[in-house]
């Protein structure tokens, strides 16, 4: 009985080895790039544009003769944004000898998969995973991303308010929602990082309330020089209007949820001078225009979410491999940090932590009824 | 002390609006024992109508006080017509049905009106102009009290006094009180109950429309959904004061407004709604019929 079992397992092991060896031998002379993310399920619309971006770039490159004399090959793996599937996908890509991975899409799945890639020495570039700890914790030196982390807006706003505007006393408000409160928490943390800055008021207001006079009075009596608001434009419009009607000159600074033309329409004259952070304007970048029209030509539709981020991630990776003249981890890792790449998101290279420098948010100010980027 | 004064005014402003809407709830409940959930929507319709009329008039080149008065008048008439129609369509056919049926009908009406405005107008927020014309008097008092706060408090006070006088001294008011006390007995003494019910809806809707215009002009924005939150708060105010009682609704609105304002000011705006409902629960524990509610035996 025992012998029989042993024999069976040996047979299985031999067979498995045989398969691995065969597939390896067959495709040894290609550069393999894994594309992992959600390609099915509820969040498929976040992942599929990345596959298309990678496919377009690889097709173009292969038509021109490939990279380092080798053809590029994509290994597309789906994990539906589920962390437990993401680890499987990672193991699969490692055993398929992927040289680098574009992905994953969701922060949770990315985090689950990263350890496996790290042990195998595989470079990962995500177009969309925004959880700050992925780059800030230092645990994942192999991780890069072409999207700004969640705390980037809070950091930008805090830096802008304290360094550019030189303000010292702040009231930080939010709408108690995930987005607004998240932003407000980061903004508060970064504001308080400078010792001379004081956050005199930190509170959530109720979205859809009949009136915001009480909280506006509280701002007034707190002596804050500026309000930093995390949330969306309807409440922001009311608060700003009430402040201006009471002749309060308090500076109003907010986030991407307020950087919306509706805000200016609703708040009217009170909106003048309001600051808000928002994604950098890429619509005038010729590479972005080209990437989008390429997608329209190939697929007959507008590209979906994170398409430009994935396009930039793939370009940066390919460029780094070309500059490093190798697919070795250390060489590519260094090249990503040394050589800037022209991408649809602008000229990017990566910081030590793995965030793309130059990708992310800018400050805007309402001037004559439109948001104007502050250079 | 200044801070206290400002919070007090803010609370009174907010409370006056709650009171104006709560009156509609309480009057209808007093007569029909029905919670008119579509009432918040009438408030929203009033504000929307005022916005539309004001935009048209402004385009015609009118400014200042005439716009405010005309827009207000049209909005009040229009909202009253809505209140009247809603009653005829959604509640009158169910007069003899069990009490649950008109309640469900009211919720349906509320959802219908919200979606109707969303589709016919827009789902976006719209700017609501400050309809108050600049005046020397308002500028002069703006040191102590914001112009729109002043107008809201004064207007609400005038409207509520007028309503009290109407109920107390006119024939219609007497008939309304009689209907509220005992509908069948009122009918026997020759009161046209159906007409009284219609008038109750018209008056309640007019008050809600006034509240809608005032607050929209104060906060500067509206959308199709503003009636929901205001309606819930006003309903709370009506229950707090004792549903069915007219002075109760006024008092309940003010108590609620002040509780929210002081709660926000002295503790934290995170808990704004918590204060409002904690007060409601506390008062209902000690006075289950509300502050001014008469503890009446349930009629069977």
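Annotations for the structure displayed:
- Two-site FRET efficiency, residue B:95 against residue B:181, from Cβ-Cβ distance with R₀ of 22 Å, rounded to 0.05: 0.80
- Cα gyration tensor, the stretch B:28-228 - rounded (a/c under 1.5), prolate or oblate: oblate
- Considering all different alpha carbon pairs of the stretch A:152-273, the Kirkwood hydrodynamic radius works out to 14.0 Å.
- Under the Debye formula (equal points on every Cα, no solvent term), log10 I(q)/I(0) of chain A at q = 0.08, 0.11 Å⁻¹: -0.49, -0.82
- Nearest 10 degrees, 0 to 90: helix B:39-59 Cα axis against chain B principal axis: 40
- Globularity index of the stretch B:42-156, i.e. its alpha-carbon radius of gyration over 2.2 N^0.38 Å: 1.36
- With Rh defined as the Kirkwood radius, the inverse of the mean 1/r over Cα pairs, the Rg/Rh of the protein assembly as shown is 1.11.
- The simple spin-label model puts a point 7 Å past each Cα toward its Cβ; for residue B:274 and residue B:60 those points are separated by 5.1 nm.
- Net length gained if the chain between residue A:59 and residue A:298 were fully extended (0.36 nm per residue, minus Cα distance): 84.9 nm
- The orientation-averaged projection of the convex hull spanning the C-alpha atoms of the stretch A:221-287 amounts to 5.1 square nanometres.
- Global geometry of the stretch B:1-100, whether rounded, prolate or oblate, following the gyration tensor of its Cα atoms and the 1.5 cut on a/c: oblate
- The overall shape of the stretch B:144-300 is oblate: from the C-alpha gyration tensor, with semi-axes ordered a ≥ b ≥ c, the ratio a/c is 1.5 or greater and a/b is no larger than b/c.
- Sorted largest first, the spans of the alpha carbon positions of the stretch A:268-375 along the three principal axes are 57, 38, 19 Å.
- Most mobile listed residue (A:333, A:104, A:295) in chain A, GNM with C-alpha springs under 10 Å: A:295
- Value in Å of the Kirkwood radius, where the stretch A:55-106 supplies the Cα pairs that are averaged: 12.3
- Cβ-Cβ FRET estimate between residue A:7 and residue A:289, R0 fixed at 41 Å, reported to 0.05: 0.05
- Rounded tilt (10° steps) of B:193-219 against the dominant C-alpha axis of chain B: 20
- Within the protein assembly as shown, DSSP assigns beta bridges of which about 35% are antiparallel (rounded to the nearest 5).
- Per residue of B:263-275, other chain Cβ atoms within 10 Å of the residue Cβ number 5 on average.
- Compared with the alpha-carbon gap, the fully stretched path from residue A:365 to residue A:326 is longer by 9.5 nm at 0.36 nm per residue.
- Residue B:281 versus residue A:196: modelled label distance in nm, points set 7 Å from Cα along the beta carbon direction: 4.7
- The long axis of helix B:100-120 is offset from the longest Cα principal axis of chain B by roughly 30 degrees.
- Label sites at residue B:140 and residue A:272, each approximated as a point 7 angstrom past Cα along Cα to Cβ, lie 2.8 nm apart.
- Whole-Å distance, taken between Cα centres, linking the stretch B:49-97 and the stretch A:295-313: 49
No lab work stands behind these numbers, since they all come straight from the coordinates. Computed from a predicted structure; not experimentally measured. Glycine gets a Cβ as well: all are built from the backbone with ideal geometry, and neighbour counts include every protein chain shown.
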